[in-house]
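A.B. asks: After the structure tokens below, expect a handful of questions from me.
The values are calculated or read from the model by the stated rules, or taken from the named source; none is laboratory data. Bear in mind that the values here come from a model prediction, so they are computed numbers and not experimental data. Heads up, the Cβs are rebuilt from the backbone with ideal geometry, glycines too, and the neighbour counts pull from every protein chain shown. Ligands, DNA and RNA are excluded from the accessible area calculation, which covers all protein heavy atoms including side chains. Shrake-Rupley method; radii C 1.70, N 1.55, O 1.52, S 1.80 Å.
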Amino acid sequence: MPGTFKTEAVVLRSIRYGEADRIIHLYTTTRGRVNAIAKGARRPKSRFGGRLEPFFRCELVLYEGRGELCTVNAASTLDGYPALRADGAAIDAAARACDAVLRLLDSAEPNLLAYNLLCRYLALLEAGEERLEAALAFRLKLILVAGFAPELAACARCGERQDLSGFSGAAGGVVCGSCEAEGFSLSAEAHRFLVGAIGNPIADVGGASASALRQAERAINEIVEHHAQVRFRRASRR
Amino acid sequence: MHAAPISRLINELSRLPGVGRRTAQRLAFHILRADDEEAFALADAIREVKEKIGLCEICQNLAEGPRCRICQDEGRDRSVICVVEEPADVIPFERIGEFRGLYHVLGGALSPIDGIDPEHLKIAELLHRAGAEEVREVVLATNPTTTGEATALHIAGQLGGVVIVTRLASGLPVGADLEHADEVTLGRAFSGRRTL
């Protein structure tokens, strides 16, 4: 039924539309993914100002009509992350994080854990946390809250707890030496990184070598490709 | 429903940005009603612009021939390059008439979410131009959006130490109310305040 509603949201993406409008992709606390049009948002004297730029955390008043897009009626800033916006690497990391949310969580079902995770990661980027380890930990936690957590404690194929030396996206996690044929080799360091990243706050995730991080990223990508049928962009420009 | 040539015209028109099927149909019938001279003038203009307009070999702006009119103008200050995202962004600078330097059109802005990386833009061409002895300053005039800021920061990092790199000031539009300003814009306006 048409009407207005108020919600808190993070702007994931903003696309130019028409002469002076913007279409914004939002992740909201109450309705999950929402797309909306902000009329006149590109005009210098727009009442929205810069509030509908990507990564802004806002309180929005949206009008839901019969069409697919809501209309933004009002926006007030909860957090603009100004330091993040002054750092190219942080902007890149934030954009890749928002892209991952866009690809993985595309339903209108709210996921407050995912919303809080995204806000937390943006706050960490604002504070200068730009490590690839943090970006991968964010992705791993995101697939966890989306319901696609990989099995890391035992072989996802046979349940063996020893000799976990591979990873299989199809099996859904780490695999033992005898089941490894269907996956790829996962070093002990990469396995430790994945366990640490899923069990600790993003800010506390430990460092790892470049090759371990490559394996960890491949493991995350294979999980989402096999089980969520989405493909993430690379976690960093590199 | 329509004759094949009319359907084809409607299909082609509906591919234009902001033009839906109904608008395309209205435009097609307007063209059909117009006299031959008017309709063929439109067709000729489209053909001419596609045949004659390319990118300027220096600034990557739209040009008739190898160089645009601005790059050909001997009276322009060749020590300053103003970097913009799109050819349309040159027009407002020319309208104010205060800038007498040259331009560089990047052809877009960095956007990881859209898969636009530095190699997709005319950044290498800019770095080559900025390395010339006569260039003293590069003004980064990308849009004050997240993608525009990311592009400006990337270019500034690449040009650091080669030339003076400046960024357009950002702040409050003339005639706006402070009450409606967003926090990031107001913060930048405040930190960029000047002595009167």
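A.B. asks: What is the spin-label model distance, in nm, from A:Ala86 to B:Phe29 if the labels are put 7 Å beyond Cα along the C-beta direction?
C.D. replies: In this crude label model, A:Ala86 to B:Phe29 measures out at 5.8 nm.
A.B. asks: How big is the Rg/Rh ratio for the protein assembly as shown, C-alpha atoms only, Rh by Kirkwood, two decimals?
C.D. replies: On the way: Rg = 25.6 Å, Rh = 24.9 Å.
We get a ratio of 1.03 for the protein assembly as shown.
A.B. asks: Would you mind checking the tilt of helix A:132-145 against the longest principal axis of the Cα atoms of chain A, expressed as 0 to 90 degrees and rounded to 10?
C.D. replies: Roughly 80 degrees, rounded to the nearest 10.
A.B. asks: Using only alpha carbon positions, build the gyration tensor of the stretch A:131-232, then give the equivalent ellipsoid semi-axes as the square roots of 5 times its eigenvalues, largest first, whole angstrom. All intermediate terms of the calculation are to be shown ahead of the outcome.
C.D. replies: Values: eigenvalues 77, 47, 27 Å².
Value: 20, 15, 12 Å, ordered largest first.
A.B. asks: Can you tell me the FRET efficiency between A:Ala154 and A:His226 if r is taken as the Cβ-Cβ distance and R0 is 25 Å, rounded to the nearest 0.05?
C.D. replies: So the FRET efficiency works out to roughly 0.85.
A.B. asks: For the pairs A:Lys6/A:Lys39; A:Lys45/B:Lys122; A:Lys39/B:Lys52, note any where the Cα-Cα span goes beyond 28 Å.
C.D. replies: In this structure, A:Lys45/B:Lys122; A:Lys39/B:Lys52 exceed 28 Å between Cα atoms.
A.B. asks: Excluding ligands and nucleic acids, what accessible area in Å² is computed for A:Tyr63 using a 1.4 Å probe, to the nearest 10?
C.D. replies: In the full protein context, A:Tyr63 sits at about 90 Å².
A.B. asks: Next question, about the same structure. Can you give me the % of accessible surface on chain B that is carbon or sulfur? Probe 1.4 Å, all protein chains present, nothing else counted.
C.D. replies: That share works out to 54 percent.
A.B. asks: State whether the stretch A:1-130 is rounded, prolate or oblate according to the following rule on the C-alpha gyration tensor (a ≥ b ≥ c being the square roots of its eigenvalues): a/c under 1.5 gives rounded; otherwise a/b larger than b/c gives prolate, and the remaining case gives oblate.
C.D. replies: It is oblate, given that a/c is not under 1.5 and a/b is not larger than b/c.
A.B. asks: To the nearest whole number, what is the average tally of beta carbon atoms from other chains within 10 Å of the beta carbons of peptide B:108-118?
C.D. replies: 5
A.B. asks: Could I ask something else about it? By how many degrees, between 0 and 90 and to the nearest 10, does the Cα long axis of helix B:36-52 differ from the longest principal axis of chain B?
C.D. replies: 40
A.B. asks: If you don't mind, there's one more thing I want to ask. Residues of chain A: accessible area per residue at 1.4 Å, in Å²?
C.D. replies: Counting only protein heavy atoms, the per-residue value for chain A is 44 Å².
A.B. asks: R0 = 56 Å: FRET efficiency of A:Ile15 with B:Glu38, Cβ-based, nearest 0.05?
C.D. replies: After rounding, the FRET efficiency stands at 0.95.
A.B. asks: To the nearest 100 Å², how much accessible surface do chains A and B cover up together, summed over both, with a 1.4 Å probe?
C.D. replies: 2000
A.B. asks: May I pose another question? Which value in nm describes the separation of the simple spin-label points at A:Lys39 and A:Arg120, placed 7 Å from the Cα toward the beta carbon?
C.D. replies: Using points 7 Å along Cα→Cβ, the separation is 4.0 nm.
A.B. asks: What is the Cα convex hull volume of chain A when expressed per residue in Å³?
C.D. replies: It is 125 Å³ per residue.
A.B. asks: When the convex hull of the C-alpha atoms of chain B is computed, what volume per residue in Å³ does it have?
C.D. replies: Taking the convex hull of the Cα positions in chain B, it is 214 Å³ per residue.
A.B. asks: I'd like the distance separating the alpha-carbon centroids of the stretch A:106-171 and the stretch A:177-228, in whole Å.
C.D. replies: If we compute the Cα centre of each part, the gap is 10 Å.
A.B. asks: Between B:Lys52 and B:Glu94, what is the label-point separation in nm under the 7 Å Cα-to-beta-carbon projection?
C.D. replies: Rounded to a tenth, the inter-label distance reads 1.5 nm.
A.B. asks: Consider just the alpha-carbon atoms of the stretch A:57-155 and return their Rg together with their Dmax, both in angstrom.
C.D. replies: So, for the stretch A:57-155, Rg and Dmax equal 15.6, 51 Å respectively.
A.B. asks: Moving to a separate point now. Once the Cβ-Cβ distance between A:Ser185 and B:Glu119 is put in as r, and R0 is 30 Å, what FRET efficiency do you end up with, to the nearest 0.05? Could you put the intermediate results ahead of the total?
C.D. replies: On the way: r = 31 Å, r/R0 = 1.05.
Efficiency, from the Cβ-Cβ distance: 0.45.
A.B. asks: Report the Cα-based extents of the stretch A:67-114 along its three principal axes, largest first, to the nearest Å.
C.D. replies: Sorted largest first, the three principal extents are 37, 27, 21 Å.
A.B. asks: Starting from the Cα of A:Ser209, move 7 Å in the Cα-to-Cβ direction to define the label point; list residues of the stretch A:163-185 whose amide nitrogen is under 17 Å from there.
C.D. replies: A:165-166, A:185
A.B. asks: Amide H neighbours of B:Arg167 under 5 Å, counting only residues 5+ apart in sequence or on other chains, H built in-plane at 1.01 Å?
C.D. replies: When sequence neighbours closer than 5 places are left aside, the close amide H contacts are B:Leu140.
A.B. asks: Share of the stretch A:47-193's accessible area from carbon and sulfur, percent, 1.4 Å?
C.D. replies: Values: 2860 of 5860 Å².
Solvent-exposed carbon and sulfur of the stretch A:47-193 make up 49 percent of the total.
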